[in-house]
Amino acid sequence: MSSTADRRIGIVMNGVTGRMGYRQHLVRSILAIRAEGGLLRADGTRLIPEPILVGRNAAKLEAMARDHGLERWTTDLDAALAEPDAEVYFDAQVTSGRAAAITAAIAAGLHIYTEKPVASDLTDALTLARTARDAGVKAGVVQDKLFLPGLRKLHRLVTGGYFGRILSVRGEFGYWVFEGDWQPAQRPSWNYREEDGGGIILDMFCHWRYVLEEIFAPVRSVQCLGATHIPQRFDEAGEPYAATADDAAYGTFELDGGIVAQINSSWTTRVFRDELVEFQVDGTEGSAVAGLRRCRVQHRSTTPKPVWNPDLPATEDFRAGWQEVPDNAEMDNGFKTQWELFLRHVVDDEPFPWDLLAGAKGVQLAELGLQSWAEGRRLAVPELTL
């Protein structure tokens with residue numbers, strides 16, 4: 001139960017009819033915070049988020065609001081931004097519409113929290129960052145993978161010096177996205193149209209930039225080979241369309257300290273892993289394999305000595321020699337955790353390092369990845385400043 005001293009904050013949530021916007025941001029973050037009675041502040045009061053739902057489909061919005069006991073929804077973004085209690089604008093809509101909507105929200109004086117990519121190209125991404133800075137509004141970009149339990153454990157290993165000198169990082173991300181004809185696709189069709197801001201390089205390289213830099217070291221170069229493996233897909237109405245965006249990317253990144261990172265990203269691969277994303281880190285003192293939730297390690301002192309012999313079947317259970325890394329802390333939903341950090345940043349001025357410049361760095365790496373693919377060469381990643 002809230003008290004009269006509790007603080008309410010209106011949050012305009014654009015794009016909540018989409019899968020990620022609905023499940024992770026509305027239901028598992030904002031509504032979960034409300035169900036807990038609000039976000040506890042240092043002075044003992046609570047911050048109560050008040051969502052204002054925005055989207056293009058009035059019927060979906062109305063049904064969603066009714067299902068969750070919410071009163072405010074609209075297809076008119078300007079009207080939502082003009083709500084007297086609106087203080088934060090959140091964007092989870094299609095990439096191609098993001099820059100214009102964020103610009104309008106900044107002009108309305110709202111603080112900005114947004115999904116990635118923050119824009120379709122680096123020029124627009126930097127313009128957004130400068131516009132927010134000049135307007136004096138606070139801004140944050142979702143960096144959800146930093147809050148995954150598996151990667152939090154991996155980060156703990158790095159900061160604890162477990163690996164010794166880190167040699168390499170190898171990442172595998174992806175799964176088979178159905179073409180949409182004989183089984184419905186589990187991702188929206190715009191993801192596969194370049195003209196709508198689709199493509200796995202633009203999508204996932206924004207993630208890999210902050211994962212590599214926050215956990216390991218700054219990215220200094222990129223070499224990328226992209227592909228459109230499935231040239232025709234079927235949209236939500238079952239109609240065929242040309243897939244003009246890349247659906248797979250094979251990237252190599254050079255990090256500070258001589259670390260080499262290789263990350264495959266694909267919507268055209270069938271999973272033979274424990275989790276949909278996994279990173280293997282090898283160092284002089286030990287190795288680790290981290291996924292969404294699990295993280296396992298093998299120290300140099302317990303490393304077996306395999307001998308290559310193609311003439312005999314392998315008898316060693318290589319996975320049995322790895323140990324599970326314990327949680328050692330309560331790990332809430334990563335999206336919710338970052339929402340809580342951002343809301344405290346807005347209301348109580350607590351630190352929040354992942355601003356629109358951080359988002360622009362992700363777009364920069366994606367652009368360089370696309371350029372590397374087009375030109376068939378390795379490219380340096382310049383320092384990015386406002």
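State which residue is farthest from the chain's Cα centre (by Cα) when the search covers only region 121-136 and only residues that are within 18 Å of P351 (Cβ to Cβ) and buried (at least 21 other Cβ atoms within 10 Å of the Cβ).
Only one residue tops the list, namely A132.
Filter region 137-150 down to the residues that are surrounded by fewer than 23 Cβ atoms within 10 Å (Cβ to Cβ) and not acidic (D, E) and list them by number.
V137, K138, Q143, K145, L146, F147, L148, P149
Which one of V54, V27 is closer than 20 Å to I112 by Cβ and either basic (K, R) or out of contact with any Asp or Glu (no Cβ under 7 Å at 6 or more places or on another chain) (or both)?
V54
If only one of R273, R296 is surrounded by 12 or more Cβ atoms within 10 Å (Cβ to Cβ), outside the structural domain of R98 (by TED's automatic domain parsing) and not in a loop (DSSP other than H, G, I, E, B), which one is it?
Residue meeting the stated conditions: R296.
What number of residues in region 192-242 are within 30 Å of I166 (Cβ to Cβ) and assigned to a strand (DSSP E or B)?
The qualifying residues number 9.
Among the helices (runs of 4 or more DSSP H) lying completely within region 1-81, list those that include at least 3 residues that are loosely packed, with under 15 Cβ neighbours inside 10 Å.
Here the list reads 58-67.
Quick check on this structure: which one of R46, R19, R66, R34 is at pLDDT below 95 and either over 21 Å from D91 (Cα atoms) or out of contact with any Leu (no Cβ under 8 Å at 6 or more places or on another chain) (or both)?
R19
When you check F352 against the structure, is it within 19 Å of the chain's Cα centre (by Cα), over 30 Å from L225 (Cα atoms) and not in a helix (DSSP H, G or I), yes or no?
yes
Under the condition of being of a type in the set (G, A, S) and either in contact with a Lys or Arg (Cβ under 9 Å, 6 or more places away or on another chain) or more than 23 Å from E254 (Cβ to Cβ) (or both), which residue from region 333-385 is modelled with the lowest pLDDT?
G334
The values are calculated or read from the model by the stated rules, or taken from the named source; none is laboratory data. Every value quoted in this text rests on a predicted model; they were computed, and no experiment measured them. Here the Cβ is made from the backbone with ideal geometry for all residues, glycine too, and neighbour counts use every protein chain on show.
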